[in-house]
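Undergrad: Shown below is the structure under consideration.
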Amino acid sequence: MSSALRVFGLWLLAMAAGAAVVWNSHFSADMSFFLPSKPSAEQKVLVGQLKDGTVSRLLMVAIEGGDAAARAKVSRALRSQLAGQPGFVSVQNGEIEGLGAERDFLVRYRYQLSPAVTPERFTVEGLRAAVGNAIDTLASPVGMLFKPYLTRDPTGELLAVLDQLNPGDQPETRAGVWASRDGERAMLLLQTRALGSDTDGQEAAIAQVKDTFARVAGEAGASGLTLSLSGPGQFAVKSRATIKAEVSRLFLLSSLGIIVVLLAVYRSGRLLALSLLPMASGALAGVVVVSLVHGTVFGITVGFGSALIGEAVDYAIYFFVQSGRQGLKSWREVFWPTIRLGVLTSALGFGALLFSGFPGLAQLGLYALSGVVTAALVTRFVLPTLAGEHVRVPVPGRFVNGLFAALGRAHRLRLPVALLALAACVFLFVERDGLWDSNLSALSTVNQVDAANDGRLRSDLGAPDARYMVTVTAPDQESALQAAERAGEQLDRLVADGRIGGYDSPARFLPSVQRQTARLASLPSASELQTRVSQALSDSPLSAGKLGGFIEDVEAARRGGVLQRKDLDGTDLALAVDSLLSQGPDGWNAMLPLRPSSEAQDGELPVEQVRAALAGSGAVFVDMKSEFDTLYQGYLSEAVSLSLAGFVAIVGLLAFSLRSARRLARVLLTLVLTVAIVIAGLHLIGERLHLLHLVGMLLIVAVGSNYALFFDRAAAGEPLDAEILLSMVVAALTTVIGFGALALSSVPVLNAVGVTVGPGALLAILLSAVLVYPARAR
């Protein structure tokens, strides 16, 4: 077996092993890309709720078009079809039948759960008032629900329980089902069984909703109706699909562009195929290393990989073009050290990101570091064996020779470049306070249309979002529930004043033992209750003689004791409690998601008033948006510091390698001015910088250092001919194509890398020619 076959076989084995790792890797497109890797104890609870809590499992559904009767008919059919499916914990549309599954449980434990149960309620006067209210309720829209229970529950505890399970602003009702505020949409609220972080499960649930809607709408002859969904799961599924489609499209686009360029230069399908080996190896190695280190690979990281081909393919271009005339041995001795130095500068720049507490940024740094190093190693040790000793690349044509001639006059542009750089630096200094976008939403893949639709549906349903939370922490479950009840009492006042729309609490589904005990103690004995009922209903249309079941239920509740968490098993309430009440390393945590009032602009809560109401209660109010924006600003500052540290390391490496202050200054000045002019240009067209622009700056330094170092070889007295210039021009062109394609992406983080690195790579080679290539070499 020849050495070429052995090397190729080993490379194939490595690729197959890498492919096996990738096949078994977990890919994610959820919000965890933006979450801290080392959160505080409080943040851990918040992150857990955001990923797996009740709010993250909500799907809001709107049926639009047609008339109210048609929408209500399809809404009923949709609820009926989905309610029994294992993929959904709860399907509600305001229908009374939608509560049937939990009704028996709530009836059994109504005296433990009802906030209306007090000693006063079971006095003669209290019973008279409660029964009177219950009778009046029969004439209301919920009378149909309550009527079968009137004789067993004449005080209306079931209704009191249902009211507290659906607190705050309630949706409008049209034709017996929930509707939007303007009555133009029928509304449903679904809770999936799949976790919010389970994108595959969320996708399956959404597909089931869409398929079921299409079927029931067809059966109802309501073809004019349309379905609209929103919620965290919908965002995650759509984001993953968008990223996947964008990556595929841009990868194809950039690959075709690069292939056309390489074919025009090599005029050889074999060399073209070999040129792709470092790129493929680097892209695969990046995913493998990230998967093995982090366990999960973010979709954005994979998207970033499609751009890395622009830099990884450069090494093969340098090898084939530069070694074609001078031979492999000469290339290894003369050019490889320069390429190796460029690879090391890239490794230092990206390596600094590994220390970031921002997991997405750390993954990008690890991916780029692994990919670049692997691509370079494949170029150095695999390509020469496969390509053979003599690589034939056509000699440079008239265009390159013309560029080579123009290179001799490039130094004449130093004054205009200096003026341009000065203008860019002054502009950046003047605009320094507005350069960076401190809002985390700048990285979100959720577009404004989807965000507006989500806010509209959320307002129509009065559904909670993950932005506002109240948290309490206690050493045990009972203490946590008691703390949640105390916080709830403060929040109830805000609800009554219209400051907030409502809130959820685990204590509503599982009151503390202390509170349940107090409620049960309010219940009189059977004999005493019989006496009080007879007195209270002496002149009531409801005869006391019909309330034997009521007396029995009250006595059973007194003897049955308090409701325990295990009693909830098998009901939807169990999931509700578990998602709002959890045990962590520091004790038990209770979460109370808040709803803004229907009158609130942009869904905002009066933050200071909520904090003031909770002061001294031990509960902590958290505005998730502000919290994450603060975290993001911390990440941004950290990333800038790490990038500066990486740049200092690059300066040290170049200083050690070049051993000339003048040469070092030229190379560094070129890189710094390239970044400054690109950033100034981006800001001039209205782009505000975020983390991925920073990654783009590192890429400019990584790519640009190769160009600057090759031109610097001439400064060191080594000749630069048309072949070397050809390799640099082709490398720059493929880099611009690879990264520039990302500028077409609608995904903000990919677009940011594209608009930064595409122009940056082109500018880097131009400035290197002007500022680094020595005048005496012409």
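Undergrad: If you scan the stretch 63-78, which residues turn out to be crowded, with 24+ Cβ neighbours inside 10 Å and under 22 Å from residue 193 (Cβ atoms)?
TA: Residues satisfying the conditions are 75, 78.
Undergrad: Of the residues 223, 228, only one is of a type outside the set (Lys, Arg) and in contact with an Asp or Glu (Cβ under 8 Å, 6 or more places away or on another chain); which?
TA: 228
Here's the yes/no breakdown for (1) modelled with pLDDT of 85 or more; (2) hydrophobic (A, V, I, L, M, F, W, C):
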{"residue": "262", "(1), (2)": "yes, yes"}
{"residue": "265", "(1), (2)": "yes, yes"}
{"residue": "273", "(1), (2)": "yes, yes"}
{"residue": "282", "(1), (2)": "yes, no"}
{"residue": "289", "(1), (2)": "yes, yes"}
{"residue": "309", "(1), (2)": "no, yes"}
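Undergrad: Output the qualifying pairs, or none if there are none: Cβ atoms under 9 angstrom, residues six or more apart or on different chains, first residue in the stretch 487-509 and under 20 Å from residue 477 (Cα atoms) and in contact (Cβ under 8 Å) with a residue 24 or more places away in the chain, second residue open to solvent by less than 50 Å² (accessible area, probe 1.4 Å) and acidic (Asp, Glu).
TA: 505/485; 507/485
Undergrad: If we scan the stretch 621-629, do we find a residue that is under 27 Å from the mean Cα position of the chain (by Cα), at positive phi, of a type outside the set (Val, Ile, Thr) and surrounded by fewer than 19 Cβ atoms within 10 Å (Cβ to Cβ)?
TA: no
Undergrad: Would you confirm whether any residue within the stretch 451-466 is open to solvent by 60 Å² or more (accessible area, probe 1.4 Å), in contact (Cβ under 8 Å) with a residue 12 or more places away in the chain and touching a helix residue (DSSP H, G or I) at 6+ places or on another chain (Cβ under 8 Å)?
TA: No, every residue in the stretch 451-466 fails to be open to solvent by 60 Å² or more (accessible area, probe 1.4 Å), in contact (Cβ under 8 Å) with a residue 12 or more places away in the chain and touching a helix residue (DSSP H, G or I) at 6+ places or on another chain (Cβ under 8 Å).
Undergrad: Then there is this: In the stretch 210-222, how many residues are open to solvent by less than 60 Å² (accessible area, probe 1.4 Å) and assigned to a helix (DSSP H, G or I)?
TA: 5
Undergrad: Would you call residue 134 surrounded by fewer than 20 Cβ atoms within 10 Å (Cβ to Cβ), modelled with pLDDT under 85, small (Gly, Ala, Ser) and assigned to a helix (DSSP H, G or I)?
TA: When the stated conditions are applied, residue 134 does not pass them.
Undergrad: Find all pairs meeting these conditions: Cβ atoms under 7 angstrom apart; at least six residues apart or on different chains; first residue within the stretch 538-553 and touching a residue at least 40 places away in the same chain (Cβ under 8 Å); second residue open to solvent by less than 40 Å² (accessible area, probe 1.4 Å).
TA: As it stands, the answer is 540/131; 542/131; 542/154; 547/154; 547/533; 550/153; 550/154, since those pairs meet every condition given.
Undergrad: Which ones in the stretch 368-393 are over 22 Å from residue 282 (Cβ atoms) and open to solvent by 40 Å² or more (accessible area, probe 1.4 Å)?
TA: Correct list: 389, 390, 392.
Undergrad: Still on this model: Taking the criterion of being touching a strand residue (DSSP E or B) at 6+ places or on another chain (Cβ under 6 Å), open to solvent by less than 10 Å² (accessible area, probe 1.4 Å) and not polar (S, T, N, Q), would at least one residue in the stretch 654-664 satisfy it?
TA: Checking the stretch 654-664: not a single residue is touching a strand residue (DSSP E or B) at 6+ places or on another chain (Cβ under 6 Å), open to solvent by less than 10 Å² (accessible area, probe 1.4 Å) and not polar (S, T, N, Q).
Undergrad: Residues that are at pLDDT below 90 and either closer than 30 Å to residue 453 by Cβ or of a type in the set (A, V, I, L, M, F, W, C) (or both): list the helices (runs of 4 or more DSSP H) wholly contained in the stretch 58-130 that include at least 2 such residues.
TA: Helices (runs of 4 or more DSSP H) meeting the threshold: 68-83, 100-108.
Undergrad: Given the criteria under 30 Å from residue 625 (Cα atoms), open to solvent by less than 50 Å² (accessible area, probe 1.4 Å), over 31 Å from the mean Cα position of the chain (by Cα) and modelled with pLDDT of 90 or more, does residue 482 qualify?
TA: Yes, satisfied.
Undergrad: For residue 577, are the conditions met, namely being farther than 22 Å from residue 137 by Cα, touching a Pro at 6+ places or on another chain (Cβ under 7 Å) and in contact (Cβ under 8 Å) with a residue 12 or more places away in the chain?
TA: For residue 577, the condition - farther than 22 Å from residue 137 by Cα, touching a Pro at 6+ places or on another chain (Cβ under 7 Å) and in contact (Cβ under 8 Å) with a residue 12 or more places away in the chain - is met.
Undergrad: Among 667, 622, 651, which is the only one that is in contact with a Ser or Thr (Cβ under 9 Å, 6 or more places away or on another chain), touching a residue at least 12 places away in the same chain (Cβ under 8 Å) and closer than 30 Å to residue 758 by Cα?
TA: 667
The values are calculated or read from the model by the stated rules, or taken from the named source; none is laboratory data. As the structure is a computational prediction, the values presented were derived from the model and not from experiment. So basically every Cβ, Gly included, is an ideal-geometry build from the backbone, and we count neighbours across all protein chains shown. When the accessible area is computed, the model is the full protein with side chains, heavy atoms only, and any ligands, DNA or RNA have been set aside. Shrake-Rupley method; radii C 1.70, N 1.55, O 1.52, S 1.80 Å.
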